Amino acid sequence: MVGLLKRPLAPILCVKVKNSAKDQPCWLRFEGCTNDDTVVFAHFRDIRLGAGVGRKPTIWGCPACHWCHSEADRRTRTLEYDFVRKIHAEATLRYLAHLHETGVININEGIT
Ligand SMILES: [Zn+2]
């Protein structure tokens, strides 16, 4: 694997994080955001984080509605790529902090 992660994350952790998006609002809020019941976990795809196209079992991402998720995955391209990446990366960091604060994940357990 290329990048920072030398071993894959535990699948159970990835499922837990993915399922955490249920009942969350959209965390991307791009112009046109519908923030409705289409919100699911939108993976932040970066091969250096172990999540390229077709590889999604990671904890990197945040809840997003269908509209914003489509922009993040570039199925639609209404907004500029760099802007979308920046917002998605920031939301991913904030969502990881939220997951830690709410006890879904424990960042400290990963430190040895
Ligand atoms: Zn949205």
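Brief remarks on what is shown
- Here's how it looks for residue 42: its modeled amide H is under 5 Å from those of 62, 64, which are all 5 or more places away or on a different chain.
- Legend: calculated FRET efficiency, residue 35 to residue 73, from the Cβ-Cβ distance at R0 = 30 Å, rounded to 0.05, equals 0.95.
- Residues of region 16-51 with amide N under 11 Å of a point placed 7 Å along Cα→Cβ from residue 83: 30-32
- Across all directions, the shadow cast by the convex hull of region 11-103 built on its C-alpha atoms averages 5.6 square nanometres.
- As a proxy for reagent exposure, 68, 33, 26 were ordered by neighbouring Cβ count within 10 angstrom, fewest first; the result is 33, 26, 68.
- Spin-label model, residue 97/residue 24: points 7 Å from Cα along the beta carbon direction are separated by 1.4 nm.
- Pairwise FRET efficiency - residue 47 versus residue 90, Cβ, R0 = 22 Å, nearest 0.05: 0.65
- Counted by neighbouring Cβ atoms within 10 Å, the residues 107, 87 run from fewest to most as 107, 87.
None of the figures in this text is laboratory data; all of them are computed from the coordinates on show. What you are looking at is a predicted structure, and each value in this text was computed from that prediction instead of being measured. Note: ideal-geometry Cβ built from the backbone for every residue, glycine included; neighbour counts use all protein chains shown.
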